[in-house]
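The block underneath contains the structure these notes are about, expressed in structure tokens.
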Amino acid sequence: QVQLVESGGGLVQPGGSLRLSCAASGIVFSIFTMGWYRQAPGKERELVAIISSTGGSLNYADSVKGRFTISRDNAKNTVYLQMNSLKPEDTAVYYCNAKFGPDDYWGQGTQVTVSS
């Protein structure tokens, strides 16, 4: 059974930082492209950041470039999203995604709220 379990969300003030983690099980983690997506109320889910299976290729949404960093530890089957300089518009449910060929899995999401 495939599981992606996100953690690390919460309430943070503008300008603050959070680190999200996504622990994967039931898949050969090292071959999957991993991504973080987010969905704000009333909006469609959008890509935040994506990392290739080896970690050698990274891509970010323009809105988070220079503030967020995606990384992975294949030994721990975990992908991370370091979020710095958080803004109120970063408020959303953040989802972890694992993709390899036709296989496409999602976590349950973790809430990030940026507010004073």
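Roughly speaking, what is the stretch gain from residue 27 to residue 65, that is 0.36 nm per residue apart minus the C-alpha to C-alpha distance, in nm to one decimal?
Additional length available on full extension: 10.8 nm.
Using DSSP, restrict attention to beta bridges with both residues in the stretch 1-113 and report what percent are antiparallel, rounded to the nearest 5.
95 percent
Taking only Cα atoms and a 10 Å spring cutoff, compute GNM fluctuations for the chain and point out the largest among 61, 92, 23.
Highest fluctuation of the listed residues: 61.
Taking the Cα centre of the chain as the origin and placing charges on Cβ (Lys, Arg +1; Asp, Glu -1), which of 41, 11, 61 is farthest toward the positive end of the dipole?
Final value for the positive-end residue is 11.
If the elastic network links every pair of Cα atoms under 10 Å, which of 55, 42, 16 fluctuates the most in the Gaussian network model of the chain?
So, out of 55, 42, 16, the one fluctuating most is 42.
Bear in mind that the values in this text are calculations on the coordinates, not laboratory data. All figures in this text were calculated on a predicted structure; none of them were measured in a lab. FYI the Cβ positions are ideal-geometry reconstructions off the backbone, even for glycines, and counts take in every protein chain you see.
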